[in-house]
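The values are calculated or read from the model by the stated rules, or taken from the named source; none is laboratory data. Note that this is a predicted model, so its numbers are computed, not measured. FYI the Cβ positions are ideal-geometry reconstructions off the backbone, even for glycines, and counts take in every protein chain you see.
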Amino acid sequence: MYRYLIAGIAGFFSFSLLVAQSVDDTLLYNSILNRTLAANEIIPFKKSTSTNAHFTTDDWRKKIDAYWGSGISTAEKLTIFDNFWEAVRTQYAAFQNLSVNVTMLHDQYRQEIEQGVSRGRFAAIMNHFSLALNEAHTICADIPVNFGTALGPGVPIFVVGPWQRNDWFGACLTLAEDSSIVVYKALPNHVLGLVAGDIILGYDGIPWKKLYNDLLLAELPIQPIGFASTKESMTHCLMASAGLNWHLFQTIDILKASTGDTVRLATEILQLQKGAIWGNEQLPVKGVPIPDILKNDYVSWGIIESTNIGYIYVASWNSNPAYNISNEFADAVYQVMYRQQTSGLIIDMRNNDGGWMPVAHAGYALLFDTNIKTVAFDIRDNPDDPYSMKAHPTYTSEVFTIPGNHFSYYDKPIAILTGPGAISNGDFESFRLRLHPNAQLFGKSSCGAFATSVQQDLGNSNWFFLLTTGNGYPVNKAGEYLTHTNLEIDRDVWLTQEGILNNQDDVVSEAVDWINLSSGIVTAGNPVNSFTLFQNYPNPFNPTTTISYIAPANVQIEIKIFNIQGREIFSFQRNHKDTGKHEIQFDGFSIPSGLYFYSISTGYFKETKKMILIK
């Protein structure tokens, strides 16, 4: 996937204005890897003499030294390193919930640089120093080395992060519930014969879990530097990155789902793999299109086939006007609330590269009926005290308050799907949407990158440095910082091999079952065993609207409409012979504009909703 990636600082900064928003920082490496960067320096693929899984750390270091050469002078490297360290020491804002001795790392790495290191080794030092800070917003990279090196057999670079183009492997992997590494989708006619459900065991007879730890210890340069802010999300990230590192080994070990046999195949044939494929850890849901991220499509929606459940994918909260995500998300919410008579809603952010919180607010104003203060940020106060914090000058609770609208409210169950691929604002929106009274979280905990960042200048145009400078916290728990912490998940569930083989997304299935149970639905697509009153459509209306409901058979129902003073202005009664969905038309021609209430009731059930007439 990176074979033809050109690294250049001019193109790199073409998306750097996103950093000014900081909280979003959608430029977590997807933005880097999927834009063409202006030509500045290209490091072409150079055929390695051998590929061997049993290299020692010293062996890897020699390969790294040879591949990229000496690079800039030791004095210039020390300047870059010292600029990096000073920024980390005085500005890094996520030492809370982090166990790492940065002073020891500084002393160890600086001494090594003073003694002279190659360009590749210096890039690796900066990569692994930033990786040790375990925050997805902190990235330090030699652009030509880390983003501009063409991959090929034997190239000593470690690819980390499955939520991106997986063309290099031609298949996408996830860490399943049983801790196996499962193919959940593959390109047609894969050169290794990979299909969904196959399990990747490792390379050259060695389990991947051991191999990736060996690679971390050897400190290879990283592409594209990592995507995780908790121990759990980092483990998931590294395990699911197995396929993207085939170039480091001679053979790959695969457990075939179709036969139960383990096969060992030469990795070299993967050079012939062609085609584009995106890693999203989501399986197709009938009736709902998945956003095509390769075409800058980030929001899509639909109704799950044979159900009344609305489904919205949000793959980014990027505030770039070209992507129009705010309007698209708000429209998707409107469609499932008012144009479709839904019994529940699923919002899927398992693949979300972050963004700016207010991008979600237009949609939230439809879902929530009251304003809710959510989070705020602190930054470093005392540069000599890593835990001394003060309020962020602009990222206050008011900026991130959910704007509820008492004329609109989604009173049905909302399932939020999240996981390690929900990064930065993917984290925040998983947290904030959970504040809806009817919402629950499904999946795995998100990335844990509840932070904001600012781009730093290292004094060399070939270097990129993004640093975590703000830490988020819930407004009702000041000082309890969220970065490096796991979200509390209501339904802990993930993809399984069995589900993948049956084309069934286990996370979605769990969410559908919960919504059906909450709505009284016996099975998907079948009648309900209790009442459901839907939101009228359209709403607001002028002057007619449709009120829909589901009722069991042989029950006398009564629908009434009241004005804001509580005076009854309309009444309707009916006895249905069959269980099912019904609707009535209401004409508000003779009443003034304003807020009204409508209710459905029997002797043992009553439900009321709001609607608004605007003439």
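Given the structure, is D82 modelled with pLDDT under 95 and part of a helix (DSSP H, G or I)? No. Can you tell me which residue in region 410-438 is surrounded by the most Cβ atoms within 10 Å (Cβ to Cβ), limited to those that are assigned to a helix (DSSP H, G or I) and among the aromatic types (F, W, Y)? By that ranking, first place goes to F428.
Applying the set (1) at pLDDT below 95; (2) touching a helix residue (DSSP H, G or I) at 6+ places or on another chain (Cβ under 7 Å); (3) under 26 Å from L265 (Cα atoms); (4) surrounded by fewer than 24 Cβ atoms within 10 Å (Cβ to Cβ) to Q223 leaves exactly one unmet item: (4). With respect to G499, is the statement that it is surrounded by 22 or more Cβ atoms within 10 Å (Cβ to Cβ) and within 21 Å of W317 (Cα to Cα) true? No.
The strands (runs of 3 or more DSSP E) found entirely in region 259-352 that carry 2 or more residues being hydroxyl-bearing (S, T, Y) and either in contact with a Cys (Cβ under 6 Å, 6 or more places away or on another chain) or not assigned by TED's automatic domain parsing to the domain that holds G170 (or both) are 309-314. Looking across region 371-409, the residues that are part of a strand (DSSP E or B) and out of contact with any helix residue (DSSP H, G or I) (no Cβ under 6 Å at 6 or more places or on another chain) come down to I372, V375, A376, F377, D378, I379, M389, K390, A391. Looking across region 353-370, just one residue is under 14 Å from the mean Cα position of the chain (by Cα) and either free of Cβ contacts under 8 Å to residues at least 12 places away in the same chain or part of a helix (DSSP H, G or I) (or both), and that is M357.
Quick grid of which residues meet (1) polar (S, T, N, Q); (2) closer than 26 Å to D348 by Cα; (3) in contact (Cβ under 8 Å) with a residue 24 or more places away in the chain:
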| site | (1), (2), (3) |
| --- | --- |
| G426 | no, yes, yes |
| F431 | no, yes, yes |
| Q440 | yes, yes, yes |
| S446 | yes, yes, yes |
| Q455 | yes, no, yes |
| L467 | no, no, yes |
| N471 | yes, yes, yes |
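The residue that is nearest to G148 (Cα to Cα), counting only those in region 217-258 that are of a type in the set (S, T, N, Q) and in a strand (DSSP E or B), is Q223. Among the candidates A136, A94, A132, single out the residue that is out of contact with any His (no Cβ under 7 Å at 6 or more places or on another chain), hydrophobic (A, V, I, L, M, F, W, C) and touching a residue at least 60 places away in the same chain (Cβ under 8 Å). After applying the criteria, what remains is A136. The set of residues in region 310-329 that are out of contact with any Phe, Trp or Tyr (no Cβ under 9 Å at 6 or more places or on another chain) and in contact (Cβ under 8 Å) with a residue 12 or more places away in the chain comprises A322, N327. Might you check whether a residue that is of a type in the set (S, T, N, Q) and farther than 14 Å from V314 by Cβ occurs anywhere in region 281-290? Within region 281-290, none of the residues are of a type in the set (S, T, N, Q) and farther than 14 Å from V314 by Cβ.
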